[in-house]
Amino acid sequence: LPKYLIESTLFGHTKGAFTGADSDNPGLLEMADKGTLFLDEVGELTLDIQKKLLRALQEKRFRPVGSKKEIKSNFRLVSATHRDLSDMVSKNQFREDLFFRMFSINIHLPPLKDRESDINIIADHHLSHIENACTMSQEFIEEIQMYNWPGNVRELINTIDQVCSDSGSSTTLFPHHLPAHIRAFNIKNKFNSPQKDDISIKKLPPITKKPNFNLNYKIYIEKTQHKFLLELLSATKGNLKEACKVSGLSRSQLYRLMRKHHLNRN
């Protein structure tokens, strides 16, 4: 907010204090009397506003913009910030006296990427509040726990909403439902992070006899894909809706594969 709006919002203003001030307006500090005032992103306050806020906290009184009278207010202050205020203090970007005045009790909340076990809990809790919500497969949970979530909880919740909306008739979420940038990050992370079960190619034993399958990748994939579809349709007795549900394939994906392998829907 512009500087004059921050001051007016916190301390209030009188009629005629500035252009557009058509009437007296109480500020948040006055309204918080005998209650609690929550200031989000307190690190964004300018130094002159910090000075006025410090006085209000110490004296429990302040003067609205344009007023000659002081107003008393006794409130509890709770504040939050994504910034490193101690670093800002060292750079003279945040008042040291206000910093120590505010941070008598400090709760440090680590970023979501450092709370991997919380990711599934938060996602599951959010899904429980959505009507006809999807369920998460184990593979999906592993993928969202791998991502670094720079947007923290907000990004996680928005992603869950997005994938549920985009999944269509599918009621179970799988990794392919995730946005492309998350899947790309996880793929890159898998390649860059050594796994304890990784096998060194140099240590593979030499092939002494011809393998009992075709080494041509395309032919091998085509054969295994065809076999998978036959087993899938057989297990679901040709119920395409059920086949999509258990396989994680969308209806259009399943139809495309069936056409590719000349499997009739009837």
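Things worth noting here:
- The chain - percent relative contact order, Cα under 8 Å, separation 6 or more: 12
- Near the amide H of MET136, within less than 5 Å, lie the amide hydrogens of LEU173, all on another chain or at least 5 residues away, with H placed in the peptide plane.
- Across region 1-66, the mean sequence separation of Cα contacts (distance under 8 Å, 6 or more residues apart), normalised by length, yields a relative contact order of 40 percent.
- Full extension of the chain between LYS34 and ASN148 gives 37.0 nm of extra length, using 0.36 nm per residue less the Cα-Cα distance.
- The string of couplings for region 171-184 from the Karplus curve (6.51, -1.76, 1.60, θ = phi - 60°) is 9, 10, 8, 10, x, 5, 7, 5, x, 4, 5, 6, 5, 5 Hz, one whole number per residue in order, with x for Gly and Pro.
- The amide H of ARG61, built 1.01 Å from its N in the peptide plane, has SER73 as neighbours under 5 Å, considering only residues 5 or more places off or on other chains.
- Computed from backbone phi, the HN-Hα couplings of region 124-135 come to 5, 5, 5, 5, 5, 9, 9, 5, 6, 6, 7, 10 Hz, rounded to whole numbers (Karplus: 6.51 cos²θ - 1.76 cosθ + 1.60, θ = phi - 60°; Gly and Pro given as x).
- Computed extension gain for GLU155 through HIS226, at 0.36 nm per residue and net of the alpha carbon distance, reaches 21.8 nm.
- Vicinal HN-Hα couplings computed from phi for region 37-45 (Karplus, 6.51 cos²θ - 1.76 cosθ + 1.60; Hz; Gly/Pro x): 10, 10, 10, 8, 6, 5, x, 8, 5
- At R0 = 22 Å, FRET efficiency that the Cβ-Cβ distance of GLU96 and PHE18 yields, to 0.05: 0.10
- Estimated 222 nm signal from helices in the chain, with DSSP H stretches of n ≥ 4 weighted -39500 (n - 2.57), rounded to 500: -14000 deg cm²/dmol
- Net length gained if the chain between HIS262 and ASP166 were fully extended (0.36 nm per residue, minus Cα distance): 31.8 nm
- Expressed as a whole percent, the accessible surface of the chain that belongs to carbon and sulfur atoms is 52, based on a 1.4 Å probe.
- Within the chain, antiparallel bridges make up roughly 25 percent of the DSSP beta bridges whose residues both belong there.
- The Cβ shell under 13 Å around ALA133 holds other residues with a net charge of -3, Lys and Arg each +1, Asp and Glu each -1.
- Nearest 10 degrees, 0 to 90: helix 251-260 Cα axis against the chain principal axis: 30
- In this structure the amide hydrogen of GLY12, modeled in the peptide plane, comes within under 5 Å of the amide hydrogens of GLY27, LEU28, VAL65, none closer than 5 places in sequence on its chain.
- With Cα atoms, 0 to 90° folded angle of helix 47-59 axis to the chain main axis: 70
- Applying 1/(1 + (r/R0)^6) with R0 = 45 Å to the Cβ-Cβ distance of ASN74 and LYS113 gives a FRET efficiency near 0.70.
- Charged side chains reduced to their Cβ positions (Lys and Arg at +1, Asp and Glu at -1) give region 1-127 a dipole of some 760 debye around its Cα centre.
- In degrees, nearest ten, helix 217-235 long axis to first principal axis of the chain (Cα): 80
The values are calculated or read from the model by the stated rules, or taken from the named source; none is laboratory data. The structure displayed is predicted, hence computed values, not measured ones. Don't worry about glycine lacking a Cβ; one is built from the backbone with ideal geometry, like all the others, and counts go over all protein chains shown. Surface accessibility is based on the protein's heavy atoms, side chains included, excluding ligands, DNA and RNA. Shrake-Rupley method; radii C 1.70, N 1.55, O 1.52, S 1.80 Å.
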